[in-house]
Amino acid sequence: MFDPDGPYRLSPNVSLRPERFGALAYHFGTRKLSFMKTPQLVEIVRELTRHPSARSAVSHLSGAEQTSYLKALASLAHAGMIVPA
Amino acid sequence: MNAPLKTSTANTSEVLPLVEQFKYGLDSPICLTWEWTYACNLSCAHCLSASGRRDPDELSTDEIKAVIDELERMQVFYVNVGGGEPTVRPDFWELVAYAVEHNVGIKFSTNGYRIDEEHARWLAATDYVDVQISLDGATPEVNDAVRGPGSYDTAMAAMANLYAAGMRGFKISVVMTSQNIDQLDEFKRIADGFEAQLRITRLRPSGRGADVWDELHPSAEQQWTIYRWLLDHGDEVLTGDSFFHLNALGSEPLPGLNLCGAGRVVCLIDPVGDVYACPFAIHDAFHGGNVREAGFGAVWWDSELFNELRQPQTGGACLSCSAYDACQGGCMAAKFFTGLPLDGPDPECVKGHGEAALAEVDAERTPRPAQDHSKPSAKQQQVLLGLPALRRPDRACDESPLAGMT
Ligand code: SF4
Ligand code: SF4
């Protein structure tokens, strides 16, 4: 379960490959790909460890954006791309 | 061809859908097929790469390792290794081990020939390796008519070895033909029995597939069968980019990669290092370069052809079709090798436009693949199928320049 108030980080099994739309994340354990469809999402994921919670990592965004990026983080957590820190 | 396994998307509302992003190409391919040899112990009637005999100019062990190093730097996370039968290379296991040590996962396609108990145990114990066993009939009769006598038993024995070694979720890959479409449930049962993952793909008129395509490609009615079966089971099987042309049959898009990714996300390196936009497109028209010149990246990033493929494509005759958004005009390779224009309908267009267009094509003028390593026995395979041994007039260019040397 994704907890927006918990701390997260990129899974150690995951590599990020920059792409023009954002990045491609590959999980070497599950062999799954995820697509991070904006550069901003990539930035947020890279900065996760500097924040006490996922919510704090998106706090600089507007309300609507916060909701949509938290949703994106939830789906990355669901795919095991980001894990509780 | 081989699309990424299962993908998930971290989406936000205002960005382009993934399919649109893919059209401009990726920094590195995600569906890279790499054929390690043209040699094969079998002579399947529909072989997409017209394999059989080794080419004396195939990449050496060191050359393959150098490309693996480059793929690691390019963050190509996995490749689909095929052939020919890749396991006949004496350095096959060494190369697989080298790749996974360098964070390049390997999924290799095999007819099962070398998957004995010992290799099955090694595979089960090695991370980042996946195996795909080819099977084109759920019964020996149907399978062996296309793949050759004994090939069903070989494949089943390989699967039993993998299962006994504890390997789970390996792939069973089936090319759908007019002969095996009514066996779909049976294939699923076989896969479930081995706790394996069923993968079904489209027969394309590539390599020797061109010679048997008329007889083996599904009828319009059989396309409906595939479409309906996929609506029911699509989430349990892999299809790559095989069936997006069937999306024009209904309003519900099938799971899978719904566009032609050739040169955008899909690519082939052949055994002699030639780079083509797609494994089903071994022809000069889709040749981007050779890894021996300046490596793979130089071709992927800079080849004129690949950059052209990443430009918006015109829909041609398909543009007026109401189903174009769903079907995208189908498979480039299928059009090319049946002699149809690339911006028109797929030969298996579900609206019947392909069939009409095919009627205008002079069969003797359709393009032939750039490489043909067929053994003489490949012709016998067609006889097994009940096909005339020669479907096309022999021409000088049909003969590999290397004939007799291997
Ligand atoms: S030409 Fe395009 S659709 Fe056809 S097999 Fe290749 S990548 Fe797939
Ligand atoms: S006309 Fe073109 S877009 Fe329409 S269904 Fe046929 S192949 Fe697809």
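The values are calculated or read from the model by the stated rules, or taken from the named source; none is laboratory data. The structure displayed is predicted, hence computed values, not measured ones. For neighbour counting, all protein chains shown are included, and Cβ atoms are generated from backbone atoms with ideal geometry for every residue, glycine included.
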Of the residues B:PHE296, B:PHE337, B:PHE286, which single one is modelled with pLDDT of 90 or more, under 22 Å from the mean Cα position of the chain (by Cα) and more than 15 Å from ligand 1 (Cβ to nearest atom)?
B:PHE296
Scan B:LEU26, B:LEU59 and give me the residue that is away from chain A (no Cβ under 14 Å), buried (at least 19 other Cβ atoms within 10 Å of the Cβ) and outside any helix (DSSP H, G or I).
B:LEU59
When only residues in region B:305-360 that are hydrophobic (A, V, I, L, M, F, W, C) and in contact with a Ser or Thr (Cβ under 7 Å, 6 or more places away or on another chain) count, which is farthest from B:CYS278 (Cα to Cα)?
B:LEU358
Out of everything in region A:59-73 that is surrounded by 17 or more Cβ atoms within 10 Å (Cβ to Cβ) and of a type in the set (A, V, I, L, M), what residue ends up being nearest to the other protein chains (Cβ to nearest Cβ)?
A:ALA72
Which residues, taken from region B:30-43, are within 11 Å of chain A (Cβ to nearest Cβ) and touching a Phe, Trp or Tyr at 6+ places or on another chain (Cβ under 9 Å)?
B:ILE30
Residues that are among the hydroxyl-bearing types (Ser, Thr, Tyr) and either without any contact (Cβ under 8 Å) to a residue 12 or more places away in the chain or part of a helix (DSSP H, G or I) (or both), drawn from region A:1-50
A:THR49
Test of understanding: among B:LEU231, B:LEU259, B:LEU246, which residue is within 26 Å of B:CYS44 (Cβ to Cβ) and either assigned to a loop (DSSP other than H, G, I, E, B) or hydrophobic (A, V, I, L, M, F, W, C) (or both)?
B:LEU246
Of the numbered conditions (1) free of Cβ contacts under 8 Å to residues at least 24 places away in the same chain; (2) surrounded by 17 or more Cβ atoms within 10 Å (Cβ to Cβ); (3) more than 12 Å from chain B (Cβ to nearest Cβ), A:ALA54 satisfies every one except a single condition; which is it?
(1)
Being outside any helix (DSSP H, G or I) and of a type in the set (A, V, I, L, M) is the filter; apply it to region B:341-357 and report the residue that is farthest from ligand 1 (Cβ to nearest atom).
B:VAL350
Restricting attention to region A:14-31, does a residue exist that is farther than 24 Å from B:VAL265 by Cα, out of contact with any Gly (no Cβ under 7 Å at 6 or more places or on another chain) and not aliphatic (A, V, I, L, M)?
no
Selected residue [away from ligand 1 (no atom under 13 Å from the Cβ), under 23 Å from B:PRO347 (Cα atoms) and surrounded by fewer than 16 Cβ atoms within 10 Å (Cβ to Cβ)] from B:GLY315, B:GLY250:
B:GLY250
Can you tell me which residue within region B:271-287, out of those that are of a type in the set (Gly, Ala, Ser) and surrounded by 24 or more Cβ atoms within 10 Å (Cβ to Cβ), is nearest to B:ARG54 (Cα to Cα)?
B:ALA281
B:VAL265 being modelled with pLDDT under 95, in contact with a helix residue (DSSP H, G or I) (Cβ under 6 Å, 6 or more places away or on another chain) and among the β-branched types (Val, Ile, Thr):
yes
I'd like the full set of residues that are outside any helix (DSSP H, G or I) and not aromatic (Phe, Trp, Tyr), limited to region B:76-91.
B:VAL76, B:VAL79, B:ASN80, B:VAL81, B:GLY82, B:GLY83, B:GLY84, B:GLU85, B:ARG89, B:PRO90, B:ASP91
Given the condition within 16 Å of ligand 2 (Cβ to nearest atom) and assigned to a helix (DSSP H, G or I), answer yes or no: does some residue in region B:363-383 qualify?
no
Of all residues making up region A:2-49, the number that are within 7 Å of another protein chain (Cβ to nearest Cβ), within 20 Å of A:HIS60 (Cβ to Cβ) and of a type in the set (D, E, K, R)
1
